[in-house]
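Enquirer: Below are the structure tokens for one structure; questions will follow.
The values are calculated or read from the model by the stated rules, or taken from the named source; none is laboratory data. Values in this document were obtained by computation on a predicted structure and should not be read as measured data. When we count neighbours, we look across all protein chains shown, and the Cβ atoms used for this are built from the backbone with ideal geometry, even at glycine. Surface accessibility is based on the protein's heavy atoms, side chains included, excluding ligands, DNA and RNA. Shrake-Rupley method; radii C 1.70, N 1.55, O 1.52, S 1.80 Å.
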Amino acid sequence: MKILIDDPDWARDIYEARALAVMFVRKHGCALQGSPRLRVVNDGLTVTFYPNRSPMLLTIDAPLGTRVLSLEWNDGDAWRIAIETYHSGRWESRLKAMVHPRPWLERWRALATFTGSLPRQQVDISQS
């Protein structure tokens, strides 16, 4: 059963997931041979986008082939989306992390901070 949504405030997570998935698949996706669709498989998520279809179709599958999001929309109606499937979960944060990866240095600093000990400063009391 499809649910039609017109209100962007009602389903902020769905609009954000759509924007992230489309940006990700356009940047890293590859066209499947003999098919007008783009697909990216990364970290267990499979994002498939059908840009030449009318209405456009976007699907996101979690590991083991579980469909977590299926959206249809017309290019001119940015806020009108037909939702076939939506299951919130960890896939949303994984999609965000894939689209906006943290810089390597930031990850390294976090790792160094949590795995090592910081040097202690000695305070000379006699100068006070």
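Enquirer: Given H placed 1.01 Å from N in the peptide plane, which residues other than close sequence neighbours of Arg37 have an amide H under 5 Å from its amide H?
Expert: Close amide H contacts, sequence-distant or interchain: Leu32.
Enquirer: In addition: Taking a 1.4 Å probe, which of Thr46, Thr59 shows the most accessible area, and what order do the others take after it?
Expert: Largest to smallest exposure gives the sequence Thr46, Thr59.
Enquirer: Using the Karplus curve 6.51 cos²θ - 1.76 cosθ + 1.60 with θ = phi - 60°, what ³J(HN,Hα) values do you get for each residue of the stretch 60-73, in whole Hz, with x for Gly and Pro?
Expert: Calculated HN-Hα couplings, in order: 10, 10, 7, x, 6, x, 7, 6, 10, 8, 9, 10, 10, 7 Hz.
Enquirer: Given an 8 Å cut-off on Cα distances and at least 6 residues of separation, report the relative contact order of the stretch 26-97 as a percent.
Expert: Once normalised by length, the contact order is 18 percent.
Enquirer: As an exercise, use a Förster radius of 35 Å and the Cβ-Cβ distance of Tyr86 and Gln33 to find the FRET efficiency, rounded to the nearest 0.05.
Expert: 0.70
Enquirer: Seen from all sides and averaged, what is the projected area of the convex hull of the Cα atoms in the stretch 14-69, in nm²?
Expert: Hull-based average projected area comes out at 3.9 nm².
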